[in-house]
Structure formats: structure tokens, C-alpha cells
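This report concerns only the one structure given below.
The values are calculated or read from the model by the stated rules, or taken from the named source; none is laboratory data. Nothing here was measured: the structure is a model prediction, and the numbers come from that model. Glycine gets a Cβ as well: all are built from the backbone with ideal geometry, and neighbour counts include every protein chain shown. Protein only, heavy atoms only, side chains kept; ligands, DNA and RNA dropped before computing areas. Shrake-Rupley method; radii C 1.70, N 1.55, O 1.52, S 1.80 Å.
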Amino acid sequence: MKKLSVYIIAYNEAEKIRETIESVLWADEIVLADSSSTDGTVQIAESLGARVVQIPFEGFGRLRNQAVEACTHEWIFSLDADERCTPEVRDEILRLLAGQPAHDAYLVPRRNYFMGRWIRHSGWYPNFRQPQLFRKGAIRCGESPVHEEYELLSDKPVGRLEHAIWQIPFRNLEEVVRKANRYSTLGALKLNRRRVSMSAALFHGIWSFLKHYIAKRGCLDGWAGFMIALGNFEGTFYRYAKCYETQEAWPVPKQPPLRRPGQFPQG
């Protein structure tokens, strides 16, 4: 049986990290890649047997690459703090590692839970990020600040697991707003090489809403589907708007110090 490391990236995820780690206690090694959490995330992880490494946050791509380097085993399974491994995925991975895997990297489907329901549309099921199960050295993430791409370093094509993990992306609607704000700020850095405008921000925002609500049938997910589409509108709109703001660098209007009429500065 080939040995498996799991790495989890986290920053102030005390409300989620216990369930994430408990879903992979079957792994040979659990590494928490933390970026100076202050809410007890580290203490919870260590109490469950995870090895914590501190990595300054300089974008998600660089964070993932350094987390991989911290893993000591041949195979790696990547989880985010809002994801949970399922028994079906555990068993599928263990079967793969007990034999000779046909691929060096595997995409893992995710099933999302939001606003009290499992999302079946909206582009959220099944959805994928970069390969989450891979042989060490088989992939490398690009160093974009957010929504990082990956480079396949193996001559074998990427495979795909059959079963899905869970993702609980938002604890509440406040987190939807907070993540839209954070990710739009990071996304604006990726756009900064392009000239953008406020009309482009509005166009891309509306298109993102329609894509998720109509084209991806988010309307069939009820109010959860509407909130997903609205969140994508906000994140996309503010990504372009923040980039435009940076490019324009509007000056703050200035005026001289105000004194009472007839009062002059003392020399």
C-alpha cells in the first residue's frame, strides 16, 4: 500500500477545521498549511494529530506549492478547510493506492451544500478544481493570487475519481459577502495587466449572473441558486471595478488648513 499525505490550507478556520481533519484521519499524514491563524485553528489541528507548517500567504498558487513540499509521502490528497472527504472517496483512494494507479493525477468531483440544501445545478455539481489526488511531483500550481491554474508534469493524462467529496463553501451569507470581497481583491491583481472600465465591470458581472442562473440552471436551485448567481455577479463586478480603481488612482481633493476669518498663521 502506497502511503498518502493530506494537506489542508487554512486561515482562521476554527469553525470548520475539525470536521475536515476528522474526515481524513485514515491518511498516513495530515499537514495543515496555516497562514498565521489567530482563532484556534492551529490548536484544533494539532489536537487531532495534524502537523502544522506556517506559510506566509502570497497567493493561493504559491501556498499550495509550498504545502506540497511539506508533505513527506509519495501520494498527496489536497483538501480545503471547507471540504470533507466521504467514505466512498476514502475507499476509492485506498483501492487505487493498493494497486498501480493508471494516472499520476486525479480530479475529484465535489458536491456542494448551501442554504440548507445540496446544490444540483448552478455549475456547482459536480464541480472540480485542480487535481486533488496526485503523485508528488506530478503537478505544479501556477502562482496566480487566486483561481490558480496548474501545470501537469506527467506524461499520463489526468484521471477522475468516480465519487464526490463534500464542500460546505459558506457558513452563512456574511461569509458569502466576505469571500466575494476577498477574492475580488485578489482577482483584480490578475486583471491589472489589462485596461478595464466600469462598463466592462458591469457587463462581466451581468454575464456571470446570467451564466450561473440561466445557462447553468441555477434557477432550479431556488433561492440558493439565486444567491450563488448574485454572489458571482458581485465578485466579478468588484474584481473589474477594483482593477479600474487601481488603474485610475483617483487623487483625493485637497484644501489648505481652515482658520477663523481674519486669523493669520503666526510667523
ask   = If you take the charge dipole of the chain about its Cα centre, with +1 on Lys and Arg Cβ and -1 on Asp and Glu Cβ, which of 126, 231, 77 is farthest toward its positive end?
value = 231
request  = Please report, to one decimal in angstroms, the Kirkwood hydrodynamic radius of region 42-177 built from all distinct Cα-Cα pairs.
outcome  = 16.3
Simple Cβ-charge dipole of the chain, Lys/Arg +1 and Asp/Glu -1, about Cα centre, in debye nearest 20 = 1040
query = Counting DSSP beta bridges in the chain, what percent are antiparallel, to the nearest 5?
reply = 40
inquiry  = Less than 30 Å apart at the alpha-carbon level, and either on another chain or at least 8 residues along: which lysines does that give for residue 3?
reply    = 16, 136, 156
ask   = For the chain, what % of the accessible area comes from carbon and sulfur atoms, probe 1.4 Å?
value = 54
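Compute the orientation-averaged projected area for region 194-267 from the convex hull of its Cα atoms and round it to one decimal in nm².
9.2
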request  = Might you work out the accessible area of residue 250 for me, using a 1.4 Å probe with all protein chains in place, and round it to the nearest 10 Å²?
outcome  = 140
request  = Leaving out ligands and nucleic acids, note down the accessible area per residue over region 188-241 with a 1.4 angstrom probe, in whole Å².
outcome  = 59
Surface per residue (accessible, 1.4 Å probe) for region 18-57, Å² = 46
ask   = Measuring from label point to label point, each 7 Å out along Cα→Cβ, what is the residue 36 to residue 249 span in nm?
value = 2.6
remark   = Filtered hits (lysines, Cα-Cα < 26 Å from residue 211, offset >= 8 within chain) -> 179, 190, 242
request  = Could you do me a favour and compute the accessible area per residue for region 64-158, 1.4 Å probe, result in Å²?
outcome  = 45
note = For residue 72 the rounded accessible area (nearest 10 Å², probe 1.4 Å, non-protein molecules ignored) is 90
request  = Can you tell me the dipole magnitude for region 103-237 around its Cα centre, using point charges on the Cβ only (Lys, Arg +1; Asp, Glu -1), in Debye to the nearest 20?
outcome  = 80
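Can you show me the helix-derived [θ] at 222 nm for the chain, built from DSSP H runs with n ≥ 4 at -39,500 (n - 2.57) apiece and divided by the number of residues, rounded to the nearest 500.
-11500 deg cm²/dmol
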